[in-house]
Amino acid sequence: MIRVRIPPSPTGLLHIGTVRTALYNHLFAKHNGGTMVFRMEDTDKERSTKEFEDDIINGLVALGLAGDEGVHLGTKGYRQSERTGIYQKYLQKLLDEDKAYYCFCTKERLEEMRQKCEKEKRAPRYDGCCSEISPGNAKKRITNGEKGVIRLRVPKDRGDIKWNDLVRGETVINSKELDDFVIARTIDDPLYHLTVVADDHDMEITHVIRGEDHISNTPKQILIFEAFGWELPEFAHLPLILNEDKSKLSKRKNKVSVDDYLKEGYLPEALINFLALLGWNPGTEQEIFSMEELIGQFSLDRVHKGGAVFDIKKLDWINGEYIKKEIADDVDVFYKKLVPCLKNKIPDNPELIKKILKDPDFEGRFKKLSEIPDELSVLFNKLPDYPLDLIMRGKFQITKDMLKKVLEKAKEVVSELEWEKGDSGKSAELAEKMMELVSGLRLKNGQVLWPVRVALSGQEHSPNFSTLMVYLGKEEVLKRLDFALQKL
Ligand code: GLU
């Protein structure tokens with residue numbers, strides 16, 4: 001039975017990289033009929049906060065990536081701070097079996113050692129000074145109140161540490177590169193490597209799937225598994241997520257908190273789709289995937305080794321596709337998601353807004369929910385001023401006098417027509433009447449339609465004139481034509 005885990009540390013808001021790791025674990029587990037465990041790694045007491053923990057739990061639950069067991073269900077024992085007694089027992093076992101030992105070296109001595117290594121251009125490593133202290137003697141010193149950390153005794157003859165990484169293939173680290181590293185500050189203050197291994201063992205984790213930034217931790221953790229005589233899980237290290245300049249994804253160059261993306265109007269499903277492709281290649285041209293399709297197609301052997309560039313343009317495109325689909329599927333449901341973004345930006349006119357969203361002339365224009373009010377603003381809010389030059393700038397220029405005539409005639413045509421605001425069925429008739437005007441004036445299409453469209457939108461790019469007319473309504477159309485005329 002496959003069991004995977006997502007073990008974030010609550011030292012920051014839910015990070016986009018954590019979501020990708022959760023997603024790949026989720027897909028791997030579901031594809032194989034396995035289970036995902038959600039564990040909160042809150043041993044770093046100084047940096048862990050309840051606020052971060054809540055943000056991570058709520059975010060993963062909302063995305064459907066919180067797994068089948070764990071801290072989000074309120075079950076006890078999935079938060080490392082609740083398991084100190086367990087770690088203490090394990091640490092004691094390693095001490096009793098002489099697989100770990102107390103180290104009493106002072107900060108100053110360790111610092112001196114570090115500097116010496118640096119001078120000799122060697123990686124800093126502990127020299128094993130305290131490894132010879134007898135367990136009885138060490139115990140006495142601790143009982144007498146002396147401070148000491150606990151180090152794992154790395155077997156001298158251990159040789160190469162190898163594992164067959166399910167993404168990276170055979171990976172080898174020489175144990176000589178590892179020193180007797182610290183696994184606990186005190187018997188009741190265990191450190192990351194010890195707690196992770198103890199939990200992965202106790203929670204019967206079969207596959208450790210995590211970011212490549214953890215690769216240097218893996219040999220250390222393998223040594224701890226071996227010290228206990230526990231069976232090793234499989235390991236898979238996912239490629240780093242990179243900024244466009246190929247540096248490691250950072251706050252300075254990209255948003256990294258999932259909340260920021262959701263607030264900006266990316267749909268959760270689109271974000272998941274995008275993250276699925278950030279390191280995994282389906283082997284086909286397909287780019288839009290439902291969760292079911294991802295689960296069906298996902299495999300670790302299609303996860304690539306090279307870093308995955310966070311391409312925001314691709315996210316925008318994917319999000320636009322999801323917006324299109326959601327509008328087509330059920331505009332009422334979509335509108336509800338849009339409401340928080342509309343606040344104070346455009347008047348709340350649900351029926352008209354829904355009609356606009358569904359209008360084919362607006363299809364594909366929306367990339368993010370947060371941009372929709374700006375896109376629609378032209379239809380609802382007072383037209384911002386624009387330069388006369390914009391009306392004149394059409395491909396086939398005309399004189400000011402001619403332009404005046406065009407706008408006046410357009411006003412006449414519009415005055416004779418009647419339509420209900422939002423009745424897109426009228427669009428064809430409005431277009432037809434304007435085309436009659438074009439031929440009546442013996443002008444080219446652009447010489448009439450460009451100025452009319454700019455007069456209605458004040459924009460270089462906008463939906464076409466008849467769509468604008470439909471949603472602005474007759475009164476507003478006349479007003480905007482007048483406004484343009486006043487510029488002449
Ligand atoms: N708690 C670690 C982190 O948030 C993850 C540990 C692991 O996956 O082994 O980076």
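The values are calculated or read from the model by the stated rules, or taken from the named source; none is laboratory data. All figures in this text were calculated on a predicted structure; none of them were measured in a lab. Don't worry about glycine lacking a Cβ; one is built from the backbone with ideal geometry, like all the others, and counts go over all protein chains shown. Keep in mind that these areas ignore ligands, DNA and RNA; they rest on the heavy atoms of the full protein, side chains included. Shrake-Rupley method; radii C 1.70, N 1.55, O 1.52, S 1.80 Å.
For this structure, a couple of remarks:
- Subset of the range 300-349 (residues that are small (Gly, Ala, Ser) and open to solvent by 70 Å² or more (accessible area, probe 1.4 Å)): 328
- Contact annotation: residue pairs with Cβ atoms under 8 Å, 6 or more positions apart or on different chains, pairing a residue in the range 25-44 that is in a helix (DSSP H, G or I) with a partner that is among the acidic types (Asp, Glu), are 29/68.
- For the criterion of being within 16 Å of the ligand (Cβ to nearest atom) and either closer than 23 Å to residue 370 by Cβ or surrounded by 14 or more Cβ atoms within 10 Å (Cβ to Cβ) (or both), residue 297 fails.
- Residue selected from the range 160-172 under the condition aliphatic (A, V, I, L, M) and not in a strand (DSSP E or B), by the criterion most open to solvent (accessible area, probe 1.4 Å): 166
- Only a single criterion out of (1) at positive phi; (2) modelled with pLDDT under 90 is not satisfied by residue 395, namely (1).
- Of all residues in the range 126-135, exactly one satisfies the criterion of being of a type in the set (Gly, Ala, Ser) and assigned to a helix (DSSP H, G or I), namely 131.
- Residue 61, sole failed condition from (1) open to solvent by 30 Å² or more (accessible area, probe 1.4 Å); (2) in a loop (DSSP other than H, G, I, E, B); (3) closer than 27 Å to residue 239 by Cβ: (2)
- Extreme residue, least open to solvent (accessible area, probe 1.4 Å), among residues of the range 279-294 that are aliphatic (A, V, I, L, M) and assigned to a helix (DSSP H, G or I): 294
- Checking each residue in the range 412-428 for being within 26 Å of residue 388 (Cβ to Cβ) and among the acidic types (Asp, Glu) picks out only 412.
- All positions within the range 330-344 that are among the β-branched types (Val, Ile, Thr) and in contact (Cβ under 8 Å) with a residue 24 or more places away in the chain: 331
- Of all residues making up the range 107-133, the number that are open to solvent by 50 Å² or more (accessible area, probe 1.4 Å) and either charged (D, E, K, R) or modelled with pLDDT of 95 or more (or both): 15
- Among all positions in the range 173-187, there is no residue which is surrounded by fewer than 17 Cβ atoms within 10 Å (Cβ to Cβ), in contact with a strand residue (DSSP E or B) (Cβ under 7 Å, 6 or more places away or on another chain), more than 30 Å from residue 138 (Cα to Cα) and of a type in the set (S, T, N, Q).
- Of the numbered criteria (1) of a type outside the set (Val, Ile, Thr); (2) in contact (Cβ under 8 Å) with a residue 40 or more places away in the chain; (3) in contact with a Phe, Trp or Tyr (Cβ under 6 Å, 6 or more places away or on another chain), the one residue 316 fails is (3).
- Looking only at residues in the range 429-488 that are more than 23 Å from residue 387 (Cβ to Cβ) and not in a helix (DSSP H, G or I), the one that is most open to solvent (accessible area, probe 1.4 Å) is 442.
- Neighbours by Cβ (under 9 Å, 6+ apart or cross-chain): first from the range 207-229, within 24 Å of residue 123 (Cα to Cα) and outside any helix (DSSP H, G or I); second of a type outside the set (Phe, Trp, Tyr) and more than 11 Å from the ligand (Cβ to nearest atom): 211/20; 211/239; 211/240; 211/241
- Odd one out for residue 101 among (1) open to solvent by 50 Å² or more (accessible area, probe 1.4 Å); (2) touching a Lys or Arg at 6+ places or on another chain (Cβ under 8 Å); (3) not hydrophobic (A, V, I, L, M, F, W, C): (1)
- Within the span defined as the range 79-93, one or more residues are more than 24 Å from the chain's Cα centre (by Cα), away from the ligand (no atom under 12 Å from the Cβ) and among the small types (Gly, Ala, Ser).
- Considering the range 176-196, the residues that are within 12 Å of the ligand (Cβ to nearest atom) and β-branched (Val, Ile, Thr) include one that is farthest from residue 88 (Cα to Cα), namely 196.
Table: residues versus (1) open to solvent by 50 Å² or more (accessible area, probe 1.4 Å); (2) closer than 22 Å to residue 171 by Cβ; (3) within 14 Å of the ligand (Cβ to nearest atom).
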position	(1), (2), (3)
209	no, yes, yes
213	yes, yes, yes
233	no, yes, yes
261	no, no, no
264	no, no, no
274	no, no, no
277	no, no, no
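- Counting the residues of the range 136-153 that are assigned to a helix (DSSP H, G or I) and open to solvent by less than 80 Å² (accessible area, probe 1.4 Å) gives 5.
- Flag if residue 245 is open to solvent by less than 50 Å² (accessible area, probe 1.4 Å), charged (D, E, K, R) and either within 14 Å of the ligand (Cβ to nearest atom) or farther than 21 Å from residue 84 by Cα (or both): no
- In the range 1-52, of all residues being of a type in the set (Asp, Glu) and within 14 Å of the ligand (Cβ to nearest atom), the one that is farthest from residue 208 (Cα to Cα) corresponds to 44.
- The set of residues from the range 459-469 being closer than 15 Å to residue 421 by Cα and either touching a residue at least 60 places away in the same chain (Cβ under 8 Å) or among the charged types (D, E, K, R) (or both) comprises 467, 468.
- Among (1) open to solvent by less than 40 Å² (accessible area, probe 1.4 Å); (2) at pLDDT below 95; (3) within 40 Å of the chain's Cα centre (by Cα) - the single one residue 66 does not satisfy: (2)
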